[in-house]
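Okay, so here's the structure we're looking at.
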Amino acid sequence: MPFTLGQMFGGWGKKGAGKARKASRAGEEFSRRGRAAAEFNPDFDRDVVKENSNAVREAKTAIKGESNLAWELIKSPHISEKATMMGENKHTFKVSNRATKGTLKRAIEERYKVNVESLNVLNMPSKKRRRGNTIGLKSGFKKVIVALKQGQTISEF
């Protein structure tokens, strides 16, 4: 047999046994298994890698001009009949479950370049849904109602 079962199906061996992989990219400090790359390469200089990774991180944020916070926390606008009837300076968004009022305020101000007056955060519960004899769950979500300062609006809506 040319291959072992572990090679064919993968993942059957003990964790960390063999498979010592070198760090594939410059700036990658640890291999996939969490071992220091210095174990595999004697010429590896950890300080140079740290400097390179910090420079790459700074360059990415400098190019964008803003952090990824808004893109991680704000999932989508929540468009419903009630949300559209709230008025021009109020908008509703579906957000990440780990979002807090402070981080959401900063993220919305950064992403849409507006001033937020107040936030109301709601955890919408999951609901039972039934199709024939099968009962399932429609997952819940977190949403936020954002009140903007007078005269400001988000142009995307």
* Asked: Based on what the data block shows, is N97 under 20 Å from S139 (Cα atoms) and without any contact (Cβ under 8 Å) to a residue 60 or more places away in the chain?
  -> yes
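Taking the stated definitions as given, is R129 among the charged types (D, E, K, R), farther than 25 Å from G151 by Cβ and in a loop (DSSP other than H, G, I, E, B)?
Criteria not met by R129.
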* Being closer than 15 Å to S67 by Cβ, of a type in the set (A, V, I, L, M, F, W, C) and in a loop (DSSP other than H, G, I, E, B), is that true of even one residue in the range 105-117? -> no
* Residues being more than 25 Å from G140 (Cβ to Cβ) and either modelled with pLDDT of 95 or more or among the charged types (D, E, K, R) (or both) - total across the range 63-94 -> 3
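Yes or no, residue by residue, for (1) loosely packed, with under 12 Cβ neighbours inside 10 Å; (2) among the small types (G, A, S); (3) on the phi > 0 side of the Ramachandran plot:
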position	(1), (2), (3)
K94	no, no, no
T103	no, no, no
E110	no, no, no
N123	yes, no, no
T134	yes, no, no
F141	no, no, no
A147	no, yes, no
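The values are calculated or read from the model by the stated rules, or taken from the named source; none is laboratory data. All of these numbers come straight from a predicted model, not from anything done at the bench. Cβ atoms come from the backbone with ideal geometry, glycine included; neighbour counts cover every protein chain shown.
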